[in-house]
């Protein structure tokens with residue numbers, strides 16, 4: 001497995017173009033199952049996860065063609081079984097459940113298996129499909145769903161906010177007979193992007209971006225051309241990198257209103273944040289001050305930025321309290337940060353971080369996507385050489401990471417494992 005060797009201690013300065021959002025692209029790709037017409041998606045990042053999803057769609061019978069960051073799909077599905085060998089590689093594969101069920105009246109999707117950062121149960125996806133009239137059962141490690149007469153509109157009330165379950169329910173309900181309502185729905189920008197694309201394909205969705213989404217079912221969807229929104233998590237990661245390396249970065253193709261919770265906290269740490277229509281500039285003002293965060297669904301502080309923020313707090317002035325409310329195992333980066341000299345104490349879902357003047361170089365190992373990039377950020381602050389192993393996680397969610405950081409003054413090199 002590849003590793004990453006980083007010579008740290010240099011401020012990051014320059015301009016970075018933010019890529020399309022992975023978490024928006026994955027459900028948007030699933031829309032290729034929902035029309036036989038041509039669907040063109042622009043600004044689709046070339047990542048391990050998006051390539052896996054494209055492969056799953058081909059398995060289902062969709063013709064998928066990628067040219068750079070433009071993905072063209074056509075043909076609809078001819079295969080309704082999503083096998084374990086494909087689904088196990090990426091939990092987002094469960095997002096084919098709603099489209100297959102809505103369009104073809106049947107779906108057999110493997111349970112995705114374990115996840116490093118938590119259980120991520122699929123019960124909310126199943127309950128949503130049942131709320132739309134499907135018969136669903138679990139058998140032999142598969143979700144087997146049927147709606148031989150099509151789905152029916154209904155009210156789906158989520159007991160807790162779930163982005164994935166909201167996406168699955170939204171895709172399924174657009175072709176259900178009658179009117180549907182999704183209550184306690186996720187409000188993330190990625191949900192809005194999915195609804196906007198569905199509406200461009202002929203769906204009738206209102207309320208997206210609020211906690212109640214209403215859908216008037218239609219009989220079919222047609223083709224469209226849609227551009228994926230920029231990746232707010234990638235932008236947030238680089239914003240934190242600027243603040244913790246005493247840097248100055250301008251992040252193009254990024255929207256501040258999608259990162260309000262992070263930008264507010266960065267200002268608390270002493271960074272100067274300037275927002276324009278399509279860019280964010282972060283200028284550090286010396287060593288950051290400590291600040292507290294609690295992760296919450298949008299518009300709260302994103303759980304996908306918690307590990308990166310913790311890395312910054314490891315070198316902050318003072319002590320910070322970081323509360324994780326979304327995933328129960330999302331402190332797996334803590335042991336690796338401790339290897340670099342961090343002072344962190346974890347009690348359940350709360351981490352107390354006492355900032356140190358500096359961290360130390362050390363060999364560390366990535367455990368999941370966001371944990372891996374938090375170690376990269378920590379290493380960028382260290383005077384000396386650090387090596388991070390198992391960086392295949394980075395390739396799941398960060399497009400051209402080494403190139404983007406290298407252009408802004410970082411010294412880093414991908415190395416092959418012995």
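Here is how the numbers come out for the structure above:
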| item | result |
| --- | --- |
| Extended-chain gain in nm, criterion 0.36 nm per residue less alpha-carbon gap, residue 325 and residue 67 | 89.0 nm |
| Computed over the range 208-253, the ratio Rg/Rh where both radii use C-alpha atoms and Rh is Kirkwood | 1.25 |
| Separation of alpha-carbon centers, the range 153-198 and the range 235-272, rounded to whole Å | 30 |
| Gap separating the Cα centres of the range 325-359 and the range 7-74, nearest whole Å | 32 |
| Rounded tilt (10° steps) of 48-60 against the dominant C-alpha axis of the chain | 10 |
| Using distinct alpha-carbon pairs, which all enter the 1/r mean, Kirkwood radius of the range 295-418 in Å | 14.9 |
| The range 23-227: antiparallel DSSP beta bridges as a percent of all, rounded to 5 | 70 |
| Global geometry of the range 58-117, whether rounded, prolate or oblate, following the gyration tensor of its Cα atoms and the 1.5 cut on a/c | oblate |
| Sequence of 381, 166, 219, 212 once ranked by neighbouring C-beta atoms within 10 Å, starting from the fewest | 219, 212, 381, 166 |
| Rel. contact order, % - alpha carbon contacts under 8 angstrom, at least six apart, the range 256-391 | 20 |
| Proxy reagent accessibility, fewest Cβ within 10 Å first, across 230, 148 | 148, 230 |
| Percent of Cα-Cα distances greater than 41 Å, calculated over the chain | 16 |
| Spin-label zone in the range 335-366 - amide nitrogen under 16 Å from a point set 7 Å from the Cα of residue 289 along the C-beta vector | 355 |
| Cα gyration tensor, the range 163-235 - rounded (a/c under 1.5), prolate or oblate | oblate |
| Helical mean residue ellipticity (222 nm; -39500 (n - 2.57) per DSSP H run of 4+; nearest 500) of the chain | -8500 deg cm²/dmol |
| Helix 232-244 axis, angle to the chain major axis (alpha carbon atoms, nearest 10°) | 10 |
| For the range 304-344, average projected area of the Cα convex hull in nm² | 2.8 |
| For the range 153-292, Kirkwood radius (reciprocal of mean inverse C-alpha pair distance, Å) | 16.8 |
| In degrees, nearest ten, helix 163-173 long axis to first principal axis of the chain (Cα) | 20 |
| Average Cα contact separation per residue, the range 23-227, under 8 Å, 6 or more apart, as relative contact order % | 20 |
| Ellipsoid semi-axes in whole angstrom, largest first, where each is sqrt(5λ) of the Cα gyration tensor of the range 23-227 | 22, 20, 17 |
| Cα gyration tensor, the range 341-413 - rounded (a/c under 1.5), prolate or oblate | oblate |
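Any read-out appearing in this document is the output of simple, stated calculations on the displayed coordinates, not a laboratory observation. Treat the numbers as computed from the prediction; the structure is a model and nothing was measured. Don't worry about glycine lacking a Cβ; one is built from the backbone with ideal geometry, like all the others, and counts go over all protein chains shown.
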